[in-house]
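Visitor: To start, I am sharing the structure in question, which I have written as structure tokens.
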Amino acid sequence: MQEQIDEDDQNLRELRNEWGEDVYKAVTKALLEINEVNASGRYAVPEIWNLKEERRSSMKEIIQYLIKQLKTHKRKRKRH
């Protein structure tokens, strides 16, 4: 089941008219992502983001990053 945006929503029409298509697309994309992550509450949930690829980071990427940071920290600690 996938949620769809109501194109006839008054607020979204006003947003599109006042701010343009780019802002409208950004807002509708954000609404869909909020519902995908937390449909029950529609409140924002923090996520780790891959900025280079403009997408959510996978758990594998997160763990690899943490291990890399830990190894770097250990090397710096040994030098002091």
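Read-outs throughout are calculated quantities, based only on the coordinates presented, and are distinct from any laboratory measurement. Computed from a predicted model, the values in this text were never measured in an experiment. Because the Cβ atoms are built from the backbone with ideal geometry, glycine has one as well, and the counts that use them run over all protein chains shown.
Visitor: Search the structure for amide H atoms under 5 Å from the amide H of ARG56, placed 1.01 Å from N in the peptide plane, and list their residues when 5 or more places away or on another chain.
Guide: ASN50
Visitor: Determine which aspartates and glutamates satisfy two conditions relative to LYS29: a Cα distance under 20 Å, and not lying fewer than 8 residues away in the same chain.
Guide: Answer for LYS29, where 20 Å is the Cα cut-off: GLU3, ASP6, GLU7, ASP8, ASP9, GLU14, GLU18, GLU21, GLU47, GLU53, GLU54, listed by chain and number.
Visitor: Sticking with this one: Per residue of the chain, what 222 nm ellipticity follows from adding -39500 (n - 2.57) for every DSSP H run with n ≥ 4, rounded to the nearest 500?
Guide: Working: 3 runs with 48 residues, N = 80.
Computed mean residue ellipticity for the chain: -20000 deg cm²/dmol.
Visitor: How long are the three semi-axes of the equivalent ellipsoid for the chain, computed from the Cα gyration tensor as the root of 5 times each eigenvalue, in whole Å, largest first?
Guide: Details: eigenvalues 311, 44, 19 Å².
For the chain, the semi-axes come out at 39, 15, 10 Å.
Visitor: Another question, if that's okay. From the residues GLN4, VAL27, GLN64, which one has its Cα farthest along the dipole of the chain in the positive direction, the dipole being from +1 and -1 charges on Cβ of Lys/Arg and Asp/Glu about the Cα centre?
Guide: GLN64
Visitor: If you don't mind, there's one more thing I want to ask. Please give the FRET efficiency for ASN38 paired with LEU66, using the beta carbon to beta carbon distance and R0 = 41 Å, rounded to the nearest 0.05. Intermediate results must be reported in sequence, preceding the final value.
Guide: Numbers: r = 24 Å, r/R0 = 0.58.
That gives a FRET efficiency of 0.95.
Visitor: Now for a separate question. Using only the alpha-carbon atoms, how far is helix 10-19 inclined from the longest principal axis of the chain? Give it as 0 to 90 degrees, nearest 10.
Guide: Approximately 70 degrees, to the nearest ten.
Visitor: Here's a follow-up. What does the charge add up to near TRP49, with Lys and Arg as +1, Asp and Glu as -1, over the other residues with Cβ less than 13 Å from its Cβ?
Guide: Residues near TRP49 contribute -2 overall.
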